[in-house]
Amino acid sequence: MTAEERPTREPSAEETGVTVPAGLPMQVPSAGLPREVRIHEVGARDGLQNEKTTVPTRVKAEFVHRLAAAGLTTIEATSFVHPKWVPQLADAAELVPLLADLAEDPGMRLPVLVPNQRGLERALEMGVREIAVFGSATESFAKANLNRTVAESLAMFEPVVARAREEGLRVRGYLSMCFGDPWEGPVPVAQVVSVARRLHAMGCTELSLGDTIGVATPGHVVALLDELTSGGVPVGELAVHFHDTYGQALSNTLAALGRGVTVVDASAGGLGGCPYAKSATGNLATEDLVWMLHGLGIRTGVDLVRLSSTSAWMAEQLGRPSPSRTVRALTHREQ
Ligand SMILES: [Zn+2]
């Protein structure tokens, strides 16, 4: 192992100054909510992809290891999108081998984003067992992000999903702009349902409903989930991906849990701004989510001290404080 590859020494909770007040949050369960939630951690992919600073590969590897050590079991590792489009994740082929020890654990899921057939082939060659494709509910975002119409992008995903399923991979379908679009404004629920049903029918094993600009509110979330489930997409195959741009991410999550959703996307330390809303606040911070879930007596398997220490450490690597309220509240030096 060269000095470049050697992981940085893991700082203790004292060094990062993180402590959780004893006995808090109080655990007070609420009726009608799941007992357990699986957090789909997106900090290493969605988070770092939207940060200005490009993090060295060995720091990314250390980050993913630390997230796993904090108890996260689904960690989206990187993206095989062309480096020209996402320079922050241009080192995907170097990073994946550094995660081989984690990948050996059957309880650990390390999905990677693939844009097309070529990306899938690269991922398969590297032994990846789970992929994600990135679709759009709106024509404007499909055009801006994929340079295709919605129909053309679905046609592009179809053989990718089919081949991945043939190889026994799990396939997550991201659906962006489910609750509003920066160019089009409102997005009709029926339009989202229509695209979601297509992704489900082509074999995606999980659909992540993305509020990419953070404009959703809880009633809207319930309306979309109800339309999707009555349209034949089982709630057990749905995940929610909320952004906190307008401070609604936790309210929306709670509404989704009340409708039976048990997979929630979140980003450690709130990594990743919101590139389409020019806001510092993007992804729901995993720590903020964990604080609410643990308060509700919902199991996550996450150790909040270790996770917050990791985010405090990553904030130092990026040279700016974490936007997570919980990380700030638990970090002494911030007070
Ligand atoms: Zn996001």
Worksheet item: What residue, of Ala68, Ala44, Ala61, is modelled with pLDDT of 95 or more and out of contact with any strand residue (DSSP E or B) (no Cβ under 9 Å at 6 or more places or on another chain)?
Response: Ala61
Item to complete: Could you run through the stretch 173-214 and say how many residues are assigned to a loop (DSSP other than H, G, I, E, B) and either within 19 Å of the chain's Cα centre (by Cα) or free of Cβ contacts under 8 Å to residues at least 60 places away in the same chain (or both)?
Response: 16
Worksheet item: Do we have Ala61 as away from the ligand (no atom under 16 Å from the Cβ), within 18 Å of the chain's Cα centre (by Cα) and part of a helix (DSSP H, G or I) here?
Response: yes
Worksheet item: Pick from Gln49, Gln27, Gln88: which is of a type in the set (S, T, N, Q), within 16 Å of the ligand (Cβ to nearest atom) and in contact (Cβ under 8 Å) with a residue 60 or more places away in the chain?
Response: Gln49
Item to complete: Output the residue which, of all residues in the stretch 165-190 that are in contact with a helix residue (DSSP H, G or I) (Cβ under 9 Å, 6 or more places away or on another chain) and among the β-branched types (Val, Ile, Thr), is farthest from Val221 (Cα to Cα).
Response: Val171
Worksheet item: Of all the residues that make up the stretch 276-332, how many are in a loop (DSSP other than H, G, I, E, B), away from the ligand (no atom under 15 Å from the Cβ) and either small (Gly, Ala, Ser) or at pLDDT 95 or above (or both)?
Response: 9
Discussion item. Testing Leu225 on (1) within 16 Å of Tyr174 (Cβ to Cβ); (2) over 14 Å from the mean Cα position of the chain (by Cα), one condition comes back false. Which one is that?
Written reply: (1)
Practice prompt. Considering only the stretch 125-167, state which residues are of a type in the set (Ser, Thr, Tyr) and either more than 21 Å from Pro182 (Cβ to Cβ) or surrounded by fewer than 18 Cβ atoms within 10 Å (Cβ to Cβ) (or both).
Written response: Ser140, Thr149
Worksheet item: Can Glu76 be described as surrounded by 18 or more Cβ atoms within 10 Å (Cβ to Cβ), touching a residue at least 40 places away in the same chain (Cβ under 8 Å) and either closer than 19 Å to Leu293 by Cβ or within 16 Å of the ligand (Cβ to nearest atom) (or both)?
Response: yes
Discussion item. If the requirement is being surrounded by fewer than 21 Cβ atoms within 10 Å (Cβ to Cβ) and in contact (Cβ under 8 Å) with a residue 40 or more places away in the chain, which of these qualifies: Arg170, Arg118?
Written reply: Arg170
Item to complete: Can you work out which of the residues in the stretch 203-237 that are more than 16 Å from the ligand (Cβ to nearest atom) and buried (at least 19 other Cβ atoms within 10 Å of the Cβ) is farthest from Gly260 (Cα to Cα)?
Response: Cys204
Discussion item. Kindly evaluate Leu257 against the criterion of being assigned to a helix (DSSP H, G or I) and within 16 Å of the ligand (Cβ to nearest atom).
Written reply: no
Discussion item. Six or more apart or on different chains, Cβ atoms under 7 Å: show the pairs whose first residue is in the stretch 236-251 and under 15 Å from His220 (Cβ atoms) and whose second is among the small types (Gly, Ala, Ser) and away from the ligand (no atom under 14 Å from the Cβ).
Written reply: Val240/Ala256
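The values are calculated or read from the model by the stated rules, or taken from the named source; none is laboratory data. Remember, predicted model here, so these are calculated numbers, not experimental data. Quick reminder, even Gly has a Cβ in these numbers, built from the backbone with ideal geometry, and neighbours come from all protein chains shown.
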